[in-house]
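Let me begin by presenting the structure, written as structure tokens, before commenting on it.
Any read-out appearing in this document is the output of simple, stated calculations on the displayed coordinates, not a laboratory observation. Predicted model, so just to flag it, every value in this text is computed and none were measured. Here the Cβ positions follow ideal geometry from the backbone for every residue, glycine too, while neighbour counts run over all protein chains shown.
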There are 2 protein chains.
Amino acid sequence: MAKPDGSAEPETGLYADATAPIVGYRLRRAQISVFQRFISVFEPMQLRPAEYTMLVLIADNPGHKQTDIADALDIKHANFVTLVQDFETRGLIERRPASSDRRIKALYLTQQGEAFLARARVLHDDMEKEIIDRLGGTEARDKLVQLLERLA
Amino acid sequence: MAKPDGSAEPETGLYADATAPIVGYRLRRAQISVFQRFISVFEPMQLRPAEYTMLVLIADNPGHKQTDIADALDIKHANFVTLVQDFETRGLIERRPASSDRRIKALYLTQQGEAFLARARVLHDDMEKEIIDRLGGTEARDKLVQLLERLA
DNA sequence: TCATCAATGTTATACAGGATAACTAATAGT
DNA sequence: ACTATTAGTTATCCTGTATAACATTGATGA
């Protein structure tokens, strides 16, 4: 089998560069790697990536209804219910019925939730620093985010 | 609520830039978008992203055992079995027991499989061209792949 | 030799994420 | 008043992924 650049995988002799031009594949690998790091870092806080993003979104948009937050996260309303219920049980968020429309449950962080998120943000900042290091600087990070935006 | 740049979401009034610095989140969004496009483009061929990559890997590394291909794809051996069996049933790949070690099943594309992959590569090339357009050129694509490599 | 251990592939099973349908309660439109 | 729509909920399913147990075959060392 031809090996253009001699960069064989020692263990298997597999020509892995076959996947080089497949952007989707590279994207998925990077995403999995970053998410696994996230999960391991946040394991002590029992917080998964989507959950962290949910808390950030509620913190920065307090009082919005479930539908808005779920849509912003591209999570189906049906699946968002248990997610929200779990965090209410944990005392981190609060669902307050709107006086104007009793169907609506407006979302807020509790004081506990604010403190919890503050701790999470510290961990997350460290993670982002790690990522910036691996990428080679903040410019590279900004470039990456810019390119990802164009694909999303 | 403060809106630094005035870029509100008209529908919900949600401040979505809260997630801007979260690289993992952007990564996931881009990956989902690219994969959904892939799935829709390849729907007529009944081919999913991981399956396409599997065929490419087998084509460029014929005669390797299941374990090697599964490892290269980061798919658990147990889960790879049904995947391979399905494609054998479809007549696209062949599992040939190695004479040296009868435990090993070496993987090859059939002639049908080669023809099938050739058609798939055309579709995929079109998709990559789309992606390059969205990114703004081949240099941007190369830059993206380079950055993704550093994260994986 | 042969007893033991390791590697390959397989089956069964469980669990998490994400998707759909059907439902209740509340509101809006006519 | 009657109807349609919206917000939230429940139940259920499908897919991808993870683990455990197993049969077969091969490798290793007393």
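Data overview
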quantity: Cut-off 13 Å between beta-carbons: net charge of the residues surrounding A:Gln112, Lys and Arg +1, Asp and Glu -1; calculated: -1
quantity: Amide H contacts under 5 Å for A:Ala106, placed H, 5+ residues apart; calculated: A:Arg96, A:Ala98
quantity: Pairs of lysine residues in the protein assembly as shown - Cα separation under 25 Å, sequence separation of 8 or more or cross-chain; calculated: 17
quantity: Unit Cα scatterers, Debye sum, the range B:86-152: log10 I(q)/I(0) for q = 0.22 Å⁻¹; calculated: -0.87
quantity: DSSP H segments from chain A that extend 24 Å or more along their own axis, Cα-based, with Kyte-Doolittle mean of -1.0 or above; calculated: A:23-41, A:111-135
quantity: Within 10 Å of each Cβ in A:138-151, the average number of Cβ atoms from other chains; calculated: 6
quantity: Tail weight of P(r) past 33 Å, computed on alpha-carbon pairs of the protein assembly as shown, percent; calculated: 37 percent
quantity: Net length gained if the chain between B:Lys129 and B:Glu149 were fully extended (0.36 nm per residue, minus Cα distance); calculated: 5.2 nm
quantity: Chain B, Rg to Rh (Cα coordinates; Rh as Kirkwood inverse mean 1/r); calculated: 1.10
quantity: Kirkwood Rh in Å, taken over all unlike Cα pairs in the range B:28-90; calculated: 12.7 Å
quantity: Once exposed loop trypsin sites (Lys or Arg not before Pro) are cut out (DSSP; at most 11 other Cβ, 10 Å), longest piece of chain B; calculated: B:1-75
